[in-house]
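The values are calculated or read from the model by the stated rules, or taken from the named source; none is laboratory data. Just so you know, these numbers come straight off a predicted model, no measurement behind them. Cβ placement follows ideal geometry from the backbone for every residue including glycine, while neighbour counts extend to all protein chains displayed.
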Amino acid sequence: MMPLLSVKDLAVRFETHDGVVRAVDGVSFEMEEGETLGLVGESGSGKSVTNLALLGLIPSPPGVMSGVVHFDGQEITKLSEPDLRKIRGNRIAMIFQDPMTSLNPLLTIGRQLTEVLELHKGMKYAQALRQSAAALGEVGLAEPEKRLAQYPHELSGGMRQRVMIAMGLLCEPRLLLADEPTTALDVTIQAQILELMAEVQKQHGTAIILVTHDLGVVAGSADRVAVMYAGRIVEEGPTQDIFNSPVHPYTKGLLSSVPRLDSDTSCELSSIPGSPPDLAEMPPGCAFAPRCPEVQPECLLTQPDLLSSGSPQSRNACPIASPRASREASS
Amino acid sequence: MSQPLLKVQDLTKHFPVGPRTIFGKPEQFLRAVDGVSFQIEKGGSLGLVGESGCGKSTCARTIVGLHPATSGSVRYEGVELTSLSRREWLPYRRKIQMIFQDPYASLDPRQTVAQILNEPLKLFGLGRPRERRLRVLALLEAVGLNPRHVQRYPHEFSGGQRQRIGIARALAGEPDLIVCDEPVSALDVSIQAQIVNLLSELRERFDLAYLFIAHDLAVVRHLCERIAVMYLGRLVEEAPRDELFKNPAHPYTKALLSAVPYPDPEVERTRERIVLGGDVPSPLTPPSGCPFHPRCHQVGDVSGDRCSREVPALVHEGQRSRACHLD
């Protein structure tokens, strides 16, 4: 069976005054129907740009994109702008981090929701309005008819994020790209929104790419996790395996530097020394090598590939930590 | 009994908002901080946690005198700070320092690191120019920055390094108390851990006391011995760290703890989560009675309508205190 989404060698570079910034540098992954992929990494690791590139939303210039993206049997990287527009918000929808800046402050909630249905489904305004009210009710907003007449500034952050989710789900997309959907929210509101997303996914069978820097959110919501560092996926696998037996030194470092509510407070938090590399001046070898506790001389020379390791669902890009995978690849 | 380093009692801060009446009096007040009391011992550390808008940052800023208090008292080693003039404040500024959340906005972009760190030394009259230069280098070393970068500007540093500069600036006057307002929430996890470790190392080395404001409970747990939970301008619970996490007594603390995601798929799958309904109410129109009662999942356990009528007082019991009508 064909996967719902397949991404091959996706790369995005920005040609800036300070040189070429390789924001995404050869990212490949696949997604099945109805699954949740957690895309984690620190700021500047390329997770948001990956998401934007999937929908052809990279501004050009200065952005240059390459690679192949198949969605639902169609090569969407080849589509023209008008054809892409038919997919965006329809079969692939997106939820952004900040609901304040991603809703139009000059239009009512109703206007912004009905627009989606009129454009993609060819509905009449009255019918679109009824459907929009139903969608708002479905994401747990009280008095949906009243909300339709309100402007974004009249709603709280949690309510606005519910509106964003309702908007994203209006056309029952096959794939939802959620870019840090709860980062701007407080923990008690975050818990509400994550629960809502899980419920919606169960009902509609939507596949979700969940971009986040919060490993706790990923642990609770994702089936699979891909860890990004400096524009590349360094490790990928089922959520259980990533958290229980991480292989890549960056994943290990990231997991152990998160303070937990049940960790030992008498000893220091372990941290990763140094800071991520400048994407305009990347080191020749493994991007993590300058900070890596397990670094070997060869790490500084050649960039390792993302190879399958152990189980068929797991991949990682560290030949030192997984000698078996590198031998398989060379034979 | 020796007196505490900092004693805050019934501190309130109300901001006038909206139009004024024809007599020039404001019509409405935003009750950002509404009767908060706590104390910090010398070398102690208190974490003040709560969600955005609960008043924790306003509380911190009122304590260090950045906002004049509406009422209540803040005593530092027994001296009342709220009634001091600007000039009288100066010696205490040296003893009480602050670290801010945003390392990008809290450093002057036109000053070099040397100038940034020299300024408090000069202001407090610490040493001659040559001694001050050496002290600046020692400060950089103490926070883990390369002393050779002393002539650089803030934009040449990463976020984590800038936060280190902010910490060095706070240390310059050899303070006894540092008020940290969300010092790590703008940083990535791997960098966040570095700064948390640095803060706890500095505390031991210089015998500092911390008032640590944060919304991330796991970070607070690593740095603070006592934790106070705020909701809508009031303290709802205060307890020693381990007791608060093991045995939260206020329904809001329970919900807050259960909402924190664990970086562990097994725990996440099996734990029971209290999902609160609704949003935090506006501090312009706080609910009657207990500020938490419209969202409280245990409001039914209290007989009658006490929760919606009566504001629960913060009751002390042994090491901990709680403001709730529950038995």
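Out of segment A:149-190, which residues are modelled with pLDDT of 90 or more, surrounded by fewer than 20 Cβ atoms within 10 Å (Cβ to Cβ) and either in contact with a Cys (Cβ under 8 Å, 6 or more places away or on another chain) or of a type in the set (A, V, I, L, M) (or both)? Once the filter is applied, which keeps residues that are modelled with pLDDT of 90 or more, surrounded by fewer than 20 Cβ atoms within 10 Å (Cβ to Cβ) and either in contact with a Cys (Cβ under 8 Å, 6 or more places away or on another chain) or of a type in the set (A, V, I, L, M) (or both), segment A:149-190 yields only A:A149. Among the residues making up segment B:237-292, a single one is in a helix (DSSP H, G or I), touching a Cys at 6+ places or on another chain (Cβ under 8 Å) and closer than 20 Å to A:I193 by Cα: B:Y252.
For (1) more than 23 Å from the chain's Cα centre (by Cα); (2) at pLDDT below 85, each residue gets a yes or a no:
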residue: B:L244; (1), (2): no, no
residue: B:A259; (1), (2): no, no
residue: B:E266; (1), (2): yes, no
residue: B:V275; (1), (2): yes, yes
residue: B:P287; (1), (2): yes, no
residue: B:R295; (1), (2): yes, no
residue: B:R306; (1), (2): yes, no
residue: B:V315; (1), (2): no, no
residue: B:H325; (1), (2): yes, no
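Residue count for segment A:293-317, restricted to those that are out of contact with any Cys (no Cβ under 7 Å at 6 or more places or on another chain), hydrophobic (A, V, I, L, M, F, W, C) and farther than 16 Å from A:D25 by Cα: 3.
Restricting to segment B:1-25, give me the number of residues that are assigned to a strand (DSSP E or B) and without any contact (Cβ under 8 Å) to a residue 60 or more places away in the chain. So the answer is 7.
Taking the criterion of being in a strand (DSSP E or B) and free of Cβ contacts under 8 Å to residues at least 12 places away in the same chain, would at least one residue in segment A:59-81 satisfy it? Taking every residue of segment A:59-81 in turn, at least one turns out to be in a strand (DSSP E or B) and free of Cβ contacts under 8 Å to residues at least 12 places away in the same chain. A search for C-beta distances below 6 Å between a residue of segment A:294-319 that is closer than 16 Å to A:I233 by Cβ and any residue that is assigned to a loop (DSSP other than H, G, I, E, B) and among the aromatic types (F, W, Y), counting only pairs 6+ apart in sequence or on different chains, returns nothing. Among all residues of segment B:147-158, there is none that is within 23 Å of B:A60 (Cα to Cα), assigned to a helix (DSSP H, G or I) and either within 14 Å of chain A (Cβ to nearest Cβ) or free of Cβ contacts under 8 Å to residues at least 60 places away in the same chain (or both). The set of residues from segment A:194-216 being among the hydrophobic types (A, V, I, L, M, F, W, C), under 16 Å from the mean Cα position of the chain (by Cα) and either over 25 Å from A:A53 (Cα atoms) or surrounded by fewer than 19 Cβ atoms within 10 Å (Cβ to Cβ) (or both) comprises just one member, A:A198. Restricting attention to segment B:215-229, the residues that are buried (at least 24 other Cβ atoms within 10 Å of the Cβ) and more than 10 Å from chain A (Cβ to nearest Cβ) total 3. Residues in segment B:30-65 that are of a type outside the set (S, T, Y), assigned to a strand (DSSP E or B) and either buried (at least 19 other Cβ atoms within 10 Å of the Cβ) or free of Cβ contacts under 8 Å to residues at least 24 places away in the same chain (or both): B:L30, B:R31, B:A32, B:V33, B:D34, B:V36, B:F38, B:I40, B:L46, B:G47, B:L48, B:V49.
Of the residues making up segment A:178-193, those that are closer than 15 Å to A:V218 by Cα and more than 8 Å from chain B (Cβ to nearest Cβ) are A:A178, A:D179, A:E180, A:P181, A:T182, A:T183, A:I193. Among the residues of segment B:293-309, those identified as assigned to a loop (DSSP other than H, G, I, E, B) and not hydrophobic (A, V, I, L, M, F, W, C) are B:H293, B:P294, B:R295, B:H297, B:Q298, B:S303, B:G304, B:D305. For segment B:51-72, taking the residues that are over 21 Å from B:I178 (Cβ atoms) and polar (S, T, N, Q), the one that is modelled with the lowest pLDDT is identified as B:S52. Would you confirm, using the coordinates I've provided, whether B:V74 is in contact with a helix residue (DSSP H, G or I) (Cβ under 6 Å, 6 or more places away or on another chain), surrounded by 16 or more Cβ atoms within 10 Å (Cβ to Cβ), farther than 29 Å from A:S156 by Cβ and touching a residue at least 40 places away in the same chain (Cβ under 8 Å)? Yes: the conditions hold for B:V74.
For every residue, the table says whether it meets (1) of a type outside the set (D, E, K, R); (2) touching a strand residue (DSSP E or B) at 6+ places or on another chain (Cβ under 7 Å); (3) within 26 Å of A:G19 (Cβ to Cβ).
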| position | (1), (2), (3) |
| --- | --- |
| A:G38 | yes, yes, no |
| A:S48 | yes, yes, yes |
| A:N51 | yes, yes, yes |
| A:L54 | yes, yes, yes |
| A:S66 | yes, yes, yes |
| A:V69 | yes, yes, no |
| A:G73 | yes, no, no |
| A:S80 | yes, no, no |
| A:R88 | no, no, no |
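Those strands (runs of 3 or more DSSP E) of segment A:1-47 in which at least 1 residues are touching a Lys or Arg at 6+ places or on another chain (Cβ under 7 Å), surrounded by fewer than 20 Cβ atoms within 10 Å (Cβ to Cβ) and of a type in the set (S, T, Y), considering only elements entirely within it, cover A:19-31. Does segment A:285-297 contain any residue that is more than 8 Å from chain B (Cβ to nearest Cβ), exposed (fewer than 13 other Cβ atoms within 10 Å of the Cβ) and not in a loop (DSSP other than H, G, I, E, B)? Looking for residues that are more than 8 Å from chain B (Cβ to nearest Cβ), exposed (fewer than 13 other Cβ atoms within 10 Å of the Cβ) and not in a loop (DSSP other than H, G, I, E, B), one finds at least one in segment A:285-297, hence yes. Taken over segment A:245-277, the criterion of being at the interface with another protein chain (Cβ under 8 Å from one of its Cβ atoms), part of a loop (DSSP other than H, G, I, E, B), in contact (Cβ under 8 Å) with a residue 12 or more places away in the chain and of a type in the set (A, V, I, L, M, F, W, C) is satisfied by A:V258, A:L269, A:I272. Checking the stated criteria, B:V113 turns out not to satisfy the condition of being in contact with a Ser or Thr (Cβ under 7 Å, 6 or more places away or on another chain) and touching a residue at least 24 places away in the same chain (Cβ under 8 Å). Of all residues in segment B:185-199, those satisfying the criterion of being facing chain A (nearest Cβ under 7 Å) and either buried (at least 21 other Cβ atoms within 10 Å of the Cβ) or in contact (Cβ under 8 Å) with a residue 12 or more places away in the chain (or both) are B:D188, B:V189, B:S190, B:I191, B:A193, B:Q194, B:V196. The set of residues from segment A:194-216 being in contact (Cβ under 8 Å) with a residue 40 or more places away in the chain and away from chain B (no Cβ under 11 Å) comprises A:V200, A:Q201, A:G205, A:T206, A:A207, A:I208, A:I209, A:L210, A:V211.
Of the candidates B:L208, B:L202, the single residue that is away from chain A (no Cβ under 11 Å), more than 16 Å from the chain's Cα centre (by Cα) and touching a residue at least 40 places away in the same chain (Cβ under 8 Å) is B:L202.
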